[in-house]
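Enquirer: Handing you a structure now.
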Amino acid sequence: MMMQLQLELIGGLLVALALLHAGFGRYFHWRRELAPLSLINRQLMHVHTFFVALAVGLMGVLCLTSAAELVGTPLGRRVALGLGLFWLARLLAQFFGYSAALWRGKRFETIIHVLFSVLWTYVSAVFLLVGLGK
């Protein structure tokens, strides 16, 4: 029951994160920043961001609507294990995919880096624990 509740909480967080992607272009000034890029590279940023948001949102909906099945069935646990590995890879990317120069010495960026590091750790741990039947 506790893991089911954790998955439902994660579901809400992932849906919220997916919705946040809608503002990425404006927040990161993509119109100006991406202008020097070729059309294909500009469109790749927008299309890939859309599909990342869609995948994250669907993971959230899965957790909100099927937490009991994720915890209580062999297939659900396999899906959870796969999602745990996905989010573990995202956690590693937080430290090895982005330069610390992007956040070190900058108050707001450091807070965001720490918050997302904690979030990816939490999400990874819950999915992996569910996937491993713990």
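The values are calculated or read from the model by the stated rules, or taken from the named source; none is laboratory data. Being a predicted model, the structure only gives us computed values, none of them experimental. Here the Cβ positions follow ideal geometry from the backbone for every residue, glycine too, while neighbour counts run over all protein chains shown. Quick note on the areas: whole protein, heavy atoms, side chains included, nothing else; ligands and nucleic acids left out. Shrake-Rupley method; radii C 1.70, N 1.55, O 1.52, S 1.80 Å.
Enquirer: Residues that are among the aromatic types (Phe, Trp, Tyr) and under 24 Å from residue 118 (Cα atoms): list the helices (runs of 4 or more DSSP H) wholly contained in the range 1-64 that include at least 2 such residues.
Expert: Where helices (runs of 4 or more DSSP H) fall fully within the range 1-64 and carry at least 2 residues being among the aromatic types (Phe, Trp, Tyr) and under 24 Å from residue 118 (Cα atoms), they are 24-27.
Enquirer: If you don't mind, there's one more thing I want to ask. Return the residue satisfying two criteria in turn: it lies in the range 1-60 and is of a type in the set (D, E, K, R) and free of Cβ contacts under 8 Å to residues at least 24 places away in the same chain, and of such residues it is farthest from residue 84 (Cα to Cα).
Expert: Checking each candidate, the answer is 32.
Enquirer: Identify all residues within the range 78-102 that are open to solvent by 70 Å² or more (accessible area, probe 1.4 Å) and within 15 Å of residue 121 (Cβ to Cβ); write none if there are none.
Expert: Matches in the range 78-102: 85, 86, 92, 95, 96.
Enquirer: May I ask you to list pairs of residues, at least six apart or on different chains, whose Cβ atoms are under 9 Å apart, with the first in the range 99-115 being β-branched (Val, Ile, Thr) and the second being exposed (fewer than 12 other Cβ atoms within 10 Å of the Cβ)?
Expert: 110/104
Enquirer: Among 119, 129, which is the only one that is open to solvent by 70 Å² or more (accessible area, probe 1.4 Å) and part of a helix (DSSP H, G or I)?
Expert: Being open to solvent by 70 Å² or more (accessible area, probe 1.4 Å) and part of a helix (DSSP H, G or I) holds for just one of 119, 129, which is 129.
Enquirer: Here is a follow-up. From the list 44, 64, 39, which one is more than 26 Å from residue 121 (Cβ to Cβ), at pLDDT 95 or above, surrounded by 13 or more Cβ atoms within 10 Å (Cβ to Cβ) and among the hydrophobic types (A, V, I, L, M, F, W, C)?
Expert: 44
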